[in-house]
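Reading through the structure tokens given below for one structure.
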Amino acid sequence: MAEFDRDPHSVMQILRRLQLQQNVIHQSDIEVLADGLNLPRTKIKAIIDFYSFLHDTPRGRYDIYFSDSITDHMLGSRDSARTLCEALGVEPGVPDPGGLATVDFTSCTGLCERGPAVLVNGIAIDRVDNERAIAMADLVRGLVPLEDWPLEWFVINDAIRRKGPLLQQTVQRGSALERAIKIGPDQVIADLGLSGLRGCGGAGFPTYRKWDICRKAGGDERFVICNADEGEPGTFKDRALLNTEGCNVIEGMTVCGITIGASEGFIYLRHEYEFLRERLEKRLRRRRQMGQLGRNILGHHGINFDIEIVMGAGSYVCGEESALIESLEGKRGIPRIRPPYPVTHGYRSRPTVVNNVETFAYAAGIVAEGPGFFKEDESHPGWKLLSISGDCESPGIYELPVGTKVGEALEACGAQDVQAVQVGGPGGILLSADETHRELSFDDSNTGGSFIVFDRSRDLLDVALNFTKFFAHESCGFCTPCRVGTKLMVRMADKIADGHGARLDIEQMRRLNHLMTKASHCGLGQSAAVPILTTYEKFPDAFSRRMEDVEYKPAFDVEAAIERSRQIVAEEAGIR
Amino acid sequence: MTGRIRIDRQSIPFAEGQTVIEAATDSGVFIPHLCYHPDYEANGSCKMCTCKINGRQVSSCTTPAVDGMVVESNTEELNSERRALAQMLFVEGNHHCPSCEHSGNCVLQDQAYKLGMTALIFPNLTVGRETDASHPDILLNRDRCIYCELCVRASRDTDGKDLFCITGRSQNKGLAVNSDTGLLKDSGITVEDAAANVCPVGCIIKKGKAFTKPIGQREYDLRKAHSNKIRSPKLPEFVKTPGEKVSVATCSLAGCFGCHMSFLDIDERIVKLVEHVQFDRSPINDIKSCSEVVDIGLVEGGVCNTENIETLREFRKSCKLLIAVGACAMSGGVPALRNPVDVRELLEESYIDAIGVENAQIPTDPELPHILEFVSPIHEVVKVDFFLPGCPPPADAFWQILNDIVEGRAPDLPYDLTYFD
């Protein structure tokens, strides 16, 4: 606690560290924290229950999570998980009596092109096939410390398949910073405006406007936040960017700080990317040594900006900027009521720029080399990083011009026999093979980076079900339409998948979708019912395989409902 | 900023800093709401007060009024969404009005009435959250929590105690009490606290006070003037030759026969009814099974064992129009209160631990129907055409619905005949 200055805002960081050290947060920890940070203990309990990776009941010494993203499913994650569970003699989510291991599932861990992925005590391991699962079980049973596990398991290479201006790494380190100081904030913002750069996380808000509004907002304290909570299933381009281009991102944040007049910045890094943390810390230290970060940047007196890395603890909704800020303040990640927007009332109610990793990286390039770095002319309006995964020869990162046709992207990644593409993750849009002429752009098929390919062997109802369950699991539970709606959608989708679906269920799902889209508090609830209904509209066969054409069919399973009674009667009859 | 906004074509003024719902309330325009309370900062979570403002749907409790704003509130589109929200809250928790002490004082119930909610169309998401009865004066029944966060705000902002907190997310969302033990008795809450008085539903209630005011004279019972006509679904076609009677079958599943008693309360009108109606299977005439084709089936009670399922399926097969009668048929009702309890515990309570039981044993005779793990509303087992809510529905409701159907009209029950408490 002393390390965190007894700041109640740090409670989540402390809890996360306790969890990783002890595999549990004890009741006594909660009490000590409550007294030390002057917080009600319920607030601490509230946080533990909110974040997926915090627990007040013990996990195993080896706490293993399989990524439950559809892309991992497609690469056999369920098989590997079963193998590991059997080898260790555990049920999913339940540690063995000796407390050796827990094998569980978690939402997408961002290793979609190299799954099945797992996290072991917070550290990512890729390509966990059955063979690796068995080897892993041996290591666990042998109590081999994680440090002594095969080194190659932990090497996360980035499959960079196509390079544009950003991935070609032409920008000299420090050049954006030098130019930003030379040309001044007005010109920085003008350049960003000319470049046409818009938020790359998916929302597409013009970057220059965000910076400009923040710069002109009242008060003298401002903040810069880099949103590295890349949780959209199927997205992993920020991971690669932080891995290979971390400096560009840091430089973009620093330029932003100088431009808007902030002296503090945060990288909110998702828990799943713990393996990137040390590398980033090292880069931050190096930049401080080189005078590119910290006090008096590049020797300019009074230009101060430093960056701290703050870790998430497992919550998709924290990718929404106002929820991210709540989380950064050490609270449950509930999206705030907007307006006011973070750009005027953000972190600690101060004006705050929150941008995606990719946005900062491009901004650095634009400031270093001018607007032409991003946008050549009207017919080449910019670039976008795509994370391509699923059924294709060459999954990985592609830097492609904005406006690239879906078909071109499919060709680039070597996709064959395509049935459908999910653009923009579960909350995005599902395109059929007839829609390859659609463009990847804000005005057509918008994506924050996720691009998942499904070939004709895939059952798209299973895919939609995976997405529906993902939303139900990640709903923050704040508003009625999303909290209850996502649960009901899972019930109804399961009903259909189990062969009990009928027309009335579809009708009810449509009504629910209408309500959730219109009345939910944030984008999660607004898009949660979309995947299953879009799949129904575009791929009716995926449904008709498991659905009779009847108006009503009950889900009620008499056999299941009387199983308990039968069991008791059998036990009783046995006794007599 | 001050000025005027238009709400459902009515122009109303607003004062500096007012939200849409505040301006509307000041001018006597009612916008349905649950988590909004004039004494507290808006929460914006229940979404009941959602209005269409300048063409976009937003919470009216968090949207500041702006001069010239155009607000739609009392439209069929918005009310049907609000009705769905009420239905979602009802199935999310255990909201069984007939067995709730707060009935008549409940804002959720009142709003549901005002919005014309007559049926719970969604599957029950049965919960078994922890009840805290530790405090001598106050009971916390978490199964009824709707997460409006009013107690959280009241305890923090008015009482200065900060005793309640929402924990977790999605599936494991909960309401926690800040005390060493997590129990209400150690929290320092008193009956005078705002937090003990602000709960809009029956989640935080005062012990020993539940029936000081009888049902029928409670806060919202007295204000039943807001009338909302119920729209009913289309009727199947009964092709009747002149003079041919409509056949009616009735039965009670897991119910108390109270609905049947209420039906008989139509008194001498039954003589008039039988001029047009022929009773088929019913406890009223003791006929034990349905004819091949029956026009209308009235089913009272929920589904709690295999015999209920058999009876219900027979009804559905024979009856052209199936009506769920009363709270138990609609939502499982009072029998569904056992849903969070394990079946063995239930059987032991009834057959072994009950007072006065001799030769205690759990019956194992294969002739006996099996008890189901959960009591379900009948629409989860068969298709239901119409819901007649109430505990029991009033005699006039039976009278009216049968008359409507006999005369070929779609049943159109006025507001004061469709309660579910």
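The values are calculated or read from the model by the stated rules, or taken from the named source; none is laboratory data. A quick note: this is a predicted structure, and the numbers were derived from the prediction, not measured. No Cβ is skipped: glycine too gets one built from the backbone with ideal geometry, and neighbour counts run over all protein chains shown.
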**OP:** Could you check the range B:46-112 for strands (runs of 3 or more DSSP E) lying wholly inside it with 2 or more residues that are farther than 13 Å from B:D421 by Cα and within 14 Å of another protein chain (Cβ to nearest Cβ)?
**Re:** B:50-53, B:56-59
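From A:D158, A:D191, grab the single residue that is under 21 Å from A:F360 (Cα atoms) and modelled with pLDDT of 95 or more.
When all the criteria are applied, what remains is A:D191.
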Subject >> Odd one out for A:Q168 among (1) in contact (Cβ under 8 Å) with a residue 40 or more places away in the chain; (2) surrounded by fewer than 16 Cβ atoms within 10 Å (Cβ to Cβ); (3) not hydroxyl-bearing (S, T, Y); (4) not assigned by TED's automatic domain parsing to the domain that holds A:L75 >> reply: (1)
Original post:
Only one of A:I213, A:I225 is surrounded by fewer than 24 Cβ atoms within 10 Å (Cβ to Cβ) and among the β-branched types (V, I, T); which?
Top reply: A:I213
Subject >> Given (1) touching an Asp or Glu at 6+ places or on another chain (Cβ under 8 Å); (2) under 21 Å from A:E230 (Cα atoms), index of the condition A:L440 fails >> reply: (1)
Subject >> Number of positions in the range A:528-547 that are part of a helix (DSSP H, G or I), more than 27 Å from the chain's Cα centre (by Cα) and surrounded by 18 or more Cβ atoms within 10 Å (Cβ to Cβ) >> reply: 2
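Go through the range B:58-76 and count every residue that is among the acidic types (D, E) and in contact (Cβ under 8 Å) with a residue 24 or more places away in the chain.
2
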**OP:** Pick out the one residue from A:I30, A:I25 that is crowded, with 16+ Cβ neighbours inside 10 Å, over 25 Å from A:I123 (Cβ atoms), in contact (Cβ under 8 Å) with a residue 24 or more places away in the chain and out of contact with any Cys (no Cβ under 6 Å at 6 or more places or on another chain).
**Re:** A:I30
Original post:
Quick check: is even one residue across the range B:236-249 touching a Phe, Trp or Tyr at 6+ places or on another chain (Cβ under 7 Å), in a loop (DSSP other than H, G, I, E, B) and either farther than 25 Å from B:D421 by Cα or at pLDDT below 90 (or both)?
Top reply: no
Original post:
With respect to the numbered conditions (1) within 10 Å of another protein chain (Cβ to nearest Cβ); (2) on the phi < 0 side of the Ramachandran plot, which one is the sole condition not fulfilled by B:D162?
Top reply: (2)
Subject >> Close pairs from the range A:537-565: first in contact (Cβ under 8 Å) with a residue 60 or more places away in the chain, partner of a type in the set (S, T, Y) and not in a helix (DSSP H, G or I), Cβ under 6 Å, at least 6 apart >> reply: A:K538/A:S432
Original post:
Residues in the range A:284-312 that are buried (at least 19 other Cβ atoms within 10 Å of the Cβ) and assigned to a helix (DSSP H, G or I): how many?
Top reply: 3
**OP:** Output the residue which, of all residues in the range B:189-226 that are more than 25 Å from B:L89 (Cα to Cα) and surrounded by 13 or more Cβ atoms within 10 Å (Cβ to Cβ), is farthest from the other protein chains (Cβ to nearest Cβ).
**Re:** B:K213
Original post:
For residues in the range B:165-188 being assigned to a helix (DSSP H, G or I) and within 14 Å of chain A (Cβ to nearest Cβ), which is surrounded by the fewest Cβ atoms within 10 Å (Cβ to Cβ)?
Top reply: B:N172
Original post:
Can you tell me which of A:D96, A:D104, A:D72 is at pLDDT 95 or above, of a type in the set (D, E), outside any helix (DSSP H, G or I) and touching a Gly at 6+ places or on another chain (Cβ under 9 Å)?
Top reply: A:D104
